[in-house]
Amino acid sequence: MNDDKVHFCTDNQRVSLYSPGLDSSAVAPIAPKAPRLVLVTLALVFVATVTSLMALCVVVLQRPRPASEAYAFSQGFPGDNTTEELPVEPDNPFHSGRVAELQEAIQMFKDHVENSRTWSVEIHLLTSRVDNVSSQIQMLSGHLKNTSADVQMVLNDHSKNVSREIQTLKQGMEGAAALNSKTQTLEDNLQKANAEIQRLKEDFEDTKKILTMKIQEEYSRLENLSASFASQEQLQKTKNQFLQLALQGWMVYRKNLYYFSDIKESWHMAEQFCVSHGAHLASVTSAEEQAYLVMFTSTSYHWIGLTDSGTEGTWRWVDGTPFDFAQSRGFWNRNQPDNWRHKDGQSEDCVHIQQKWNDMNCNSPYQWVCKKPIS
Ligand SMILES: [Ca+2]
Ligand SMILES: [Ca+2]
């Protein structure tokens, strides 16, 4: 508290209160008990001084004195304005000394009386000041009560606010503690989940390696099965083809299929028939094959795939087999090939077989022999 303002501190702030309408210059320094103490002290000193003077007068008046002195005393103490000389006996030294002593006492008494008057004025002034100070103290007390009430009200409000804030903080701390606990639990679960994920990754890698190996093995096995299946399928296809060709009259000899027609066509038409069945007119490359064909052509002419059309005398197999004239020399009839020129002007550029070979006009209608390798 300082003059007309009051300072107090709460937990976290400093509050200052000012007394309304209070002039600090009009307020004396606050010492409510000091003036009363001084006044009492001065009163005691005054009473002690008066008592001492009265005792001194009593002592002086009770001392035995000569009659002349008593007379002089009774004549020379008319009042407080007596300064005139008392009547003395010139020849009595004792009487003169007592008179001087009495005058001195009277003078002291006068001084005390003067001082007492001065003290009375001072006491009156002091009393007025004390009253003034008392009224100021009373006013200050009122301000202090008002200020105390305001401070108390502010403190109460602030205390309520602080209590609410503390309650809120407690609730917040409790929530934070619960949240921290949940966070810790989540972190623990996360660590466990990470460990589980790591373990699952390792298991996945191991399983992936095993599965990859198995897949590769199964893939190889599937390839083998596929190849086997394709081979079987091809084999089955070949069998079906064989069966179909067999039903159509094709026959197997060594690594080739042969077809001996029942009808007759020109050499070129016969070749077209063979090509339409994936074959050509037959080539003959060995005596065994020649003997095989003879078994089915001994009673009628059959076209084979040998021709010199294009360049007379240059023979070629129509299926692309190289022609070996020396090897096939014994397969020809005697004096053949002769490229006989017929009456219609046509010559002989195609070969047929009946026991032996003979070159003939290609347009002549004969049966034929187709040949194709077994693939
Ligand atoms: Ca010819
Ligand atoms: Ca001929």
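Among the residues of the range 319-352, which ones are closer than 21 Å to Arg254 by Cα and either more than 16 Å from ligand 1 (Cβ to nearest atom) or among the polar types (S, T, N, Q) (or both)?
Scanning the range 319-352 gives Asp319, Gly320, Thr321, Pro322, Asp324, Gln327, Ser328, Phe331.
Given the residues Tyr301, Tyr292, which is the only one that is assigned by TED's automatic domain parsing to the domain that holds Trp267 and within 19 Å of His268 (Cβ to Cβ)?
Tyr301
Only residues that are in a helix (DSSP H, G or I) and not hydrophobic (A, V, I, L, M, F, W, C): list them for the range 284-313, please.
Once the filter is applied, which keeps residues that are in a helix (DSSP H, G or I) and not hydrophobic (A, V, I, L, M, F, W, C), the range 284-313 yields Glu288, Glu289, Gln290, Tyr292, Thr297.
One residue is enough: does the range 360-374 have a residue meeting the conditions within 13 Å of ligand 1 (Cβ to nearest atom), in a strand (DSSP E or B) and either assigned by TED's automatic domain parsing to the domain that holds Ile263 or of a type in the set (Val, Ile, Thr) (or both)?
Within the range 360-374 (the criterion being within 13 Å of ligand 1 (Cβ to nearest atom), in a strand (DSSP E or B) and either assigned by TED's automatic domain parsing to the domain that holds Ile263 or of a type in the set (Val, Ile, Thr) (or both)), the answer is yes, since at least one residue qualifies.
Only one of (1) loosely packed, with under 12 Cβ neighbours inside 10 Å; (2) more than 30 Å from Val351 (Cβ to Cβ) fails for Ser276. Which number is that?
Exception for Ser276: condition (2).
Look through the range 327-339, keep the residues that are loosely packed, with under 14 Cβ neighbours inside 10 Å and assigned to a loop (DSSP other than H, G, I, E, B), and return whichever of them is nearest to the chain's Cα centre (by Cα).
Gln327
Given (1) surrounded by fewer than 13 Cβ atoms within 10 Å (Cβ to Cβ); (2) closer than 26 Å to Met251 by Cβ; (3) near ligand 1 (Cβ under 9 Å from one of its atoms), identify the lone condition not met by Thr307.
(1)
Tell me which of these Val369 doesn't satisfy, since it passes every other one: (1) modelled with pLDDT of 95 or more; (2) within 14 Å of ligand 2 (Cβ to nearest atom).
Just one mismatch for Val369, condition (2).
The values are calculated or read from the model by the stated rules, or taken from the named source; none is laboratory data. Fair warning: this is a prediction, and the values are worked out from it, not measured in the lab. Positions of Cβ are backbone-derived with ideal geometry, glycine not excepted, and every protein chain shown enters the neighbour counts.
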